[in-house]
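Read the structure below first, then the notes.
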Amino acid sequence: MRNPGKFFLMAAASAAALAATPVLAADATQASAGKLSDGSDVTAVTLKAANGVSATILTFGATLWKLNAPDREGKVADVLLAYDKISDFETRPNFWGATIGRYGNRIADGKFTLDGKTFQLPLNDHGQSLHGGGKGFDVKNWKLESVKSGKVATAVFSLVSPDGDAGYPGTVKARVTYSLDEAGNLQIAFDATTDKPTVLNMTNHAIFNMAGEGSERDATTNVLTLTSSRYTPVSEKLIPTGELRDVTGTAFDFRKGKPVGVGLRDGNDQQIVYGRGFDHNFALDKGQTKTPELAARLEDPVSGRVLELLTTEPGVQFYSGNFLDGTFIGKNGHLYRMGDGVALEPQKFPDSPNHANFPSTRVDPGKPYRHVMIYRVSTSAR
């Protein structure tokens, strides 16, 4: 070596530069969020990425409570509608951000037949069973299994649903894992096992406005893209008819992206009349996949905040907040009304147990249930 002194100086400088370079990581912290009426504690876990994206999850309902996202200028806003007070989640449950189970979406008349036996579920939606019939996973205080920081910050929640819970067969052991990586991608993995044949359709029911919760621009100005050429039309009771209908030439065509408000109040479309807007399942062109693939994109063009939804499931329920009627007071005292937020719920199809042509929601002993979804947060160029 011609100049060993120079080599050691260079090595020392390189080591100093590496030491000065911040190591990207995602942080996980937990704190008390309050108590339920029975005195049990609710814990809030916050996962925070290096780029300013953060997610806060409650043990009650394994609920995604807050999702903070920066805009093009770095201004951070919470893009989720929800309550401020834990007591409101308990006394006025509304599914906002909650883990939904055992069955996300509607089951006609609250009945399904499995292996020749008919099961009756609670009715909580005009004679139908919706999102577990009002006694589902969203109103249970889940156990916080673990919290971990690192390149990926994680929080794991678990729940045991006994045989016969809300009318469903089988003891189901469910787990939901929230994971936030350094880039701000929030993955939600739903895993479950059963000791008897049953049906399962778990999802998350977050309500979004990418302009920010409480913004003067409501969610009808968000631009939505759905990778779906067919949807499942419904009856006046919002139960799928069994048809898979082409979206071409209808208000349900979001393949090229358009503002949520376009077609939202088209009284000439009977499906819009039934749903009081959009409240329909879209059959994804990708179908069911082993790994999460792109299903939807939601953007606020003004701030540039973008949410991409990836999922392993074959469908997405798009709900335009039609039943937000001004009686719900949410974060920061904001009064939520129709169109203030939208839901994109990855799932198997509504009422699948009663439609042989729909994707099966059956789960058997020894064949675990798994659904993985990702909320990918970013910004668009002007």
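Report the calculated FRET efficiency for VAL302 and ARG337 (r = Cβ-Cβ distance, R0 = 22 Å), to the nearest 0.05.
Numbers: r = 20 Å, r/R0 = 0.91.
Calculated value: 0.65.
Based on C-alpha pairs under 8 angstrom that are at least 6 apart in sequence, segment 30-101 has a relative contact order of 24 percent. Compared with the direct C-alpha span, the chain from ARG370 to LYS148 gains 77.8 nm at full extension, assuming 0.36 nm per residue.
Here segment 337-382 and segment 242-316 have alpha carbon centers that stand 12 Å from each other.
Counting neighbouring beta carbons within 10 Å and listing from fewest to most, the residues ASP165, ASP364, ASP115, ASP246 come out as ASP115, ASP246, ASP364, ASP165. Spin-label model, VAL160 to GLN30: label points 7 Å out along the Cα-to-beta-carbon direction sit 1.9 nm apart. From the alpha carbon centroid of segment 60-93 to that of segment 138-217 is 15 Å. Under 12 Å of direct C-alpha separation, and excluding same-chain neighbours fewer than eight residues apart, LYS48 reaches these aspartates and glutamates: ASP27, ASP181, GLU182.
Here's how it looks for PHE60: its modeled amide H is under 5 Å from those of THR43, TRP142, which are all 5 or more places away or on a different chain.
For the chain, a Gaussian network of Cα nodes joined below 10 Å ranks ASN51, ASN204, ASN105 by mean-square fluctuation, and the top entry is ASN51.
Scanning the chain for GluC sites (Glu not before Pro) lying in DSSP loops with no more than 16 further Cβ atoms inside 10 Å, the longest uninterrupted stretch between such sites is 74-215. Working from label points 7 Å from Cα in the Cα-to-Cβ sense, the LEU294 to ASP38 distance is 4.5 nm. Which of the lysines could be linked to LYS85 by a straight reach, that is with a Cα gap under 19 Å, when you skip same-chain ones fewer than 8 residues away? Qualifying lysines at Cα under 19 Å: LYS35, LYS66, LYS140, LYS331. Relative to the current alpha-carbon distance between THR118 and SER87, full extension at 0.36 nm per residue lengthens the span by 7.6 nm. Couplings 3J(HN,Hα) for segment 33-46, derived from phi with the Karplus relation 6.51 cos²θ - 1.76 cosθ + 1.60 (θ = phi - 60°), are 10, x, 10, 8, 4, 8, x, 6, 7, 10, 9, 10, 10, 10 Hz, where x marks Gly and Pro.
In plain terms, the chain from ASN357 to THR241 could stretch by 40.6 nm, reckoned as 0.36 nm per residue minus the Cα-Cα distance. Normalised by the number of residues in the chain, the mean separation of alpha-carbon contacts (under 8 Å, six or more apart) gives a relative contact order of 17 percent.
Averaging the sequence gap over all C-alpha pairs within less than 8 Å and six or more residues apart, then dividing by the number of residues, gives segment 118-245 a relative contact order of 14 percent. Across VAL139, VAL273, VAL156, mean-square fluctuation computed from a Gaussian network of the chain (C-alpha pairs under 10 Å connected) peaks at VAL273. Around the amide H of ILE207, modelled in the peptide plane, lie the amide H atoms of LEU81, GLY97, all under 5 Å away and 5 or more residues distant in sequence or on another chain.
Readers should treat all values here as calculations from the given coordinates under stated rules, not as data from a laboratory. Only a predicted model underlies this, so the values are computations on that prediction, with no experimental measurement involved. No Cβ is skipped: glycine too gets one built from the backbone with ideal geometry, and neighbour counts run over all protein chains shown.
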